[in-house]
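Read through the structure below, which is laid out as structure tokens, and then see the notes.
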Amino acid sequence: MANPHCCLLLLDVQIASLRPPPHGIPASATVGPNIDKVLQLARSVTPAPTIVHVRNTGDCGDPDEPNTPGWQLATTPLAHEFVLDKRKNNAFIGTRLGDIIHPHAEIIVVGLHSDFSLRATCSAALDRGNEVIVIRGAHGTFDRLEVLYGSGITPASKVALEIEAELEEAGVHIFDMKDLTSIFKDR
């Protein structure tokens, strides 16, 4: 039986974004294994958190176009874990996520597209009143092309740090990979 007061939310952990660069995120070689470690530890504790895999559904021709290899989840969900497909950055919009996650549950978030899905979903969870934890090193994104403010590219690692700072200011707790045991076991 899953713990309804703790949820592990895996956002957009799909084959397309975890391929080696330039097609996948620059930190795919680190972020992918870190997400696997988080998932394995969450599955090993008793009671295990509610585990929800959220898959982004892209448009025709996108790397995450439905039913293409890139759209598939990078980790295989277990029978009792939830799988939701989303079309918006905020995983609460157009899905059953709000029904699955208890309104007072602590949500541990890992996944991809820090500046889109992760930011929007964490913000929505805070608005619902959930406690939210993001694990540094278990989320990532692509480099950001700076169109509005001149030119150039902001490296994905810097984008991820900017998002962490923004979310922490809003009330999200940021933990490191070395804190995994305390997140799942030492409570």
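In whole Å, what are the Cα extents of the chain along the three principal axes, biggest one first?
The Cα atoms of the chain stretch 49, 37, 29 Å along the principal axes, largest first.
Only Cα pairs under 8 Å and at least 6 apart count here; give the relative contact order of region 3-184 as a rounded whole percent.
After rounding, I find 24 percent.
Restricting to bridges with both residues inside the chain, how much of the DSSP beta-bridge set is antiparallel, in percent to the nearest 5?
10
Per DSSP helix of 4 or more residues, -39500 (n - 2.57); summed, then divided by the residues of the chain. What does that give at 222 nm, rounded to the nearest 500?
-8500 deg cm²/dmol
On each of the three principal axes of the Cα atoms of region 141-187, give max minus min coordinate, whole Å, ordered largest first.
48, 20, 10
Scaled to the compact-protein estimate 2.2 N^0.38 Å, what is the alpha-carbon radius of gyration of region 42-84, rounded to two decimal places?
Cα-based Rg divided by the globular estimate yields 1.41.
Read-outs: derived from the displayed coordinates by stated rules, not from any lab. Please read these numbers as outputs of a predicted model, since none were measured by experiment.
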